[in-house]
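Worksheet for the structure shown next.
The values are calculated or read from the model by the stated rules, or taken from the named source; none is laboratory data. Just so we're clear, the structure is a prediction, and the values are computed from it rather than from any experiment. Here Cβ is always computed from backbone atoms with ideal geometry, including for glycine, and neighbour counts include all displayed protein chains. For the accessible areas, the whole protein counts, side chains as well, though only heavy atoms, and no ligand, DNA or RNA atoms are used. Shrake-Rupley method; radii C 1.70, N 1.55, O 1.52, S 1.80 Å.
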Amino acid sequence: MSTTYIPEGATSPHPSGVPTGGSTRSRILLLILAAALITVVTVALLRKHKPASQAGDNLLTTPNIRTATVHRGAIGEYIEALGTVTPLATVNLYSQVNGEVIAVHYVEGQTVHKGDPLIDIDPRPYEAQLQEYEGQLERDRAVLKQAEIDLARYKEAAAQDAVARQTYEDQEQMVEQDRGTVKNDLGQVEYGKVQLSYCHLTSPISGRVGLRLVDPGNTVFSGGSSPIVVISQLQPITVVFNVAEDYLDQLRSAVTHREALPVEAYDRTRLKRIATGKLLTLDNQVDTSTGTIRFRGHFENADLALFPNQFVNARLLVKTLQDQLLIPAAAVQHNGVNAFVYVVRDGSVHVQPVNEIATEGDDAAVSGLHEGEVVAVTGFDKIQDGTRIAVLNAQPGADRASSESESGAVRP
């Protein structure tokens, strides 16, 4: 019989308290059961929440749009063109005499009235010249007076045959010569007065003076190519714009009867109206190089909002169209060739071709729709023909109840 020797301090290979193979299998089995239970519970929860999640996804994918209702009203038919603000009068004053500027009576940008003094040029040379002409006139008048006295004497003597008839006739012609000399002197005096008046420049119109071009002490010359002061009339003022000759038939009646068609001037963005006036006249011929004719609009310009040579967008009201189908201009879309709108019907949008008649501000007159129909005005990047939609809210003037009942899905 063999005996196993166990050294002192060593442990047995099967100490008491260590789990056996059976208990280990039980623990693994419990872990598997727990994992299976967790899996079953998770799947059940996912199946329970899936319908609600799908409903939320469907709600989020439905486009929200704004709508407006087709209604009837009046709208203006306009002709739009690029125009230039043009003063009724722009005066360039040039010096007509030679001399030194001794005074400038205006301030740059000042509004002046007709007859206001502007510039004074040294008048002394022209005063002296005028005095010379007046002295010559007085002398020649005296010579004429003496000749007329001699003529009277010769006439009396010739009647008594005291002098030869030829002497009397010669004296008559001498008087005529002296009269011509006096008349020439009168012309010289008037010329001297005119030259003297050129030394005191006054405003020929009422308007605004530009920047100063000469200062006291400068010498100016007659016949110079540069003006010494520029004045532009600002009130009233006009806008000149070119209109295609195709519109002449529409405007013929108004032009013939001299009707004052309204004209509006807008800024470059066409959003701000600067002034309102009326059609003054049009040119007498068509520009063959462009096929256009020039129109001139008249503006009172009381607030000086229009400035000479300013570019504006002119809008000429040709006529007012009554009883038209009106929708917001934003509702009209274009596919490159035709115009169309999205009509809201039974909770969906449907493409409807239309014909644009006129546009005024935010409104457009169209044909191809019926009064009371509802059209989309936003969300065009999210909708197409047949898309289900939700009406977010109605545009001002739209029939909310009608759009809600037709759309079938209305969000607050």
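Quick notes on this structure:
- Extension gain from residue 156 to residue 284, taking 0.36 nm per residue of separation minus the Cα-Cα distance: 39.1 nm
- For the chain: relative contact order, % (alpha-carbon pairs under 8 angstrom, 6 or more apart): 25 percent
- Accessible area of the chain belonging to carbon and sulfur atoms, whole % at 1.4 Å probe: 52 percent
- Candidates 74, 35, 142, ranked by Gaussian network fluctuation over the chain, Cα under 10 Å, top entry: 35
- Debye log10 I(q)/I(0) at q = 0.21, 0.23, 0.24, 0.25 Å⁻¹ for the stretch 102-194, Cα point scatterers: -0.96, -1.04, -1.08, -1.12
- Over the stretch 289-345, the fraction of Cα-Cα pairs per 5 Å bin, rounded to whole percents and listed from the shortest bin up, is 4, 8, 14, 14, 12, 14, 16, 11, 5, 2, 1.
- Among 43, 143, 91, the residue with the largest mean-square fluctuation in a Gaussian network model of the chain, with springs joining Cα atoms closer than 10 Å, is 43.
- Estimated from helical segments only, the mean residue ellipticity of the chain at 222 nm is -11000 deg cm²/dmol, where each DSSP H run of four or more residues counts as -39500 (n - 2.57).
- Between the stretch 139-208 and the stretch 329-376, the Cα center-to-center distance that results, in Å: 88 Å
- Calculated diffusion of the stretch 203-335, Stokes-Einstein form, Kirkwood radius summed over Cα pairs, 10 °C and 1.306 mPa s, µm²/s: 87 µm²/s
- Under 29 Å, Cα to Cα: Lys pairs in the chain, sequence gap 8 or more or different chains: 10
- Rg ratio for the chain: its Cα radius of gyration over 2.2 N^0.38 Å, N being its residue count, equals 2.30.
- Taking amide H positions as modeled 1.01 Å from N, with prolines and chain starts lacking one, the residues under 5 Å from residue 281 and 5 or more places away or on another chain are 296.
- Applying a length cut-off of 18 Å (Cα extent along the axis) and a mean Kyte-Doolittle floor of 0.0 to the DSSP H helices of the chain leaves 21-61.
- Accessible area per residue in Å² at 1.4 Å probe, computed on the chain: 63 Å²
- The slack between residue 371 and residue 200, meaning 0.36 nm per residue of separation minus the straight C-alpha distance, is 54.4 nm.
- Shape class for the stretch 248-299: oblate, because the ratio a/c of the largest to smallest gyration tensor axis (alpha-carbon atoms, square roots of eigenvalues) is 1.5 or more and b/c is at least a/b.
- At an R0 of 60 angstrom, the distance between the Cβ atoms of residue 338 and residue 303 translates into a FRET efficiency of 0.90.
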